[in-house]
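Scroll down for the structure; my scribbles are underneath it.
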Amino acid sequence: MIRILGRPNSYNTQKVLWLLEEMGTKFELELYGLEHGGNHTPEYHTLNPNELVPTLIEDDLVLWESNSILRYLAAKYSGGKFYPADPRARAPGDKWLDWALTTLTPAITPAFWGLIRSKPAERDMAKIAEAVARSNKSLAMLDRYLADSTYVGGAEFGIGDIPVGILTYRFFELPIERQRLPHLEAWYERLRERPAYRKCIMIGLT
Ligand SMILES: N[C@@H](CCC(=O)N[C@@H](CS)C(=O)NCC(=O)O)C(=O)O
């Protein structure tokens with residue numbers, strides 16, 4: 001049985017929950033992190049020395065880093081559907097997985113933390129404004145790419161859509177100024193039709 005240690009309102013845990021739901025793969029979620037705690041104990045540290053969520057446990061495999069978990073699970077359980085075996089077919093989606101880590105996550109996270117997880121008196125409005133500007137700029141880049149691509153990896157949905165898909169939900173749910181991004185909005189509408197996205201991602205921001 002696959003065990004996921006994490007929490008349903010965590011971006012990095014959501015990546016894994018969304019993929020497992022898409023594949024219909026059975027798993028057990030054990031609540032760890034923030035309001036649930038449990039990730040700073042010696043036992044958890046042994047599993048994941050970052051003391052962050054998510055952690056996957058399957059038999060003798062213990063895996064952390066959510067994008068690596070996505071690659072592992074999709075390669076093992078999706079039969080090539082969400083992570084093609086052919087390197088040429090796989091590369092575009094991989095690129096957006098890494099771009100989410102290096103570019104979009106650091107762009108939007110200060111806005112999310114400032115507006116959702118901080119008390120109004122503690123908000124650094126200059127930092128939030130900078131994050132909003134960086135998010136708009138980054139997503140404009142994705143918007144231009146999506147003018148010629150139905151999903152980020154090509155014609156079919158794949159794991160490359162998952163991190164950027166979650167951050168795009170946050171972008172549209174946050175009370176911020178957004179520019180018009182028609183191709184991104186069309187792709188976002190396609191994601192919103194997916195039952196697994198509705199169940200795991202469209203749950204509000206906390
Ligand atoms: N690079 C790691 C980052 C993991 C991470 O930052 N997780 C956050 C939640 S999204 C966390 O554990 N925060 C502390 C907590 O929940 O207690 C990954 O992708 O798995």
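Kindly work out what percent of the DSSP beta bridges joining two residues of the chain are antiparallel, to the nearest 5. Here the share of antiparallel DSSP bridges comes out near 65 percent. When +1 charges are put on Lys and Arg Cβ atoms and -1 charges on Asp and Glu Cβ atoms, the dipole computed for the chain relative to its Cα centre reaches about 540 debye. With a Förster radius of 45 Å applied to the beta-carbon distance between Lys137 and Asp60, the computed FRET efficiency rounds to 0.55. Each residue in Asp98, Asp86 was given a count of other beta-carbon atoms within 10 angstrom of its own, and listing them fewest first yields Asp86, Asp98. Roughly how many Å is it from the Cα centre of the stretch 107-125 to that of the stretch 1-59, as a whole number? Value for the Cα centre distance between the two parts: 24 Å.
Return a whole-number percent for the relative contact order of the stretch 2-77, with Cα pairs under 8 Å and 6 or more residues apart as the contact set.
37
For Leu29, the amide hydrogen comes within under 5 Å of the amide hydrogens of Ile4, counting only partners 5 or more places away or on other chains and with H modelled in the peptide plane. Of all lysines in the structure, the ones whose alpha carbon falls short of 17 Å from that of Lys15, not counting any fewer than 8 places away in one chain, are Lys26, Lys76, Lys81, Lys95, Lys199.
FYI, it's all coordinate maths here, none of it is from the lab. Values in this document were obtained by computation on a predicted structure and should not be read as measured data. Every residue, glycine as well, gets a Cβ built from its backbone with ideal geometry; the counts of neighbours run over all protein chains shown.
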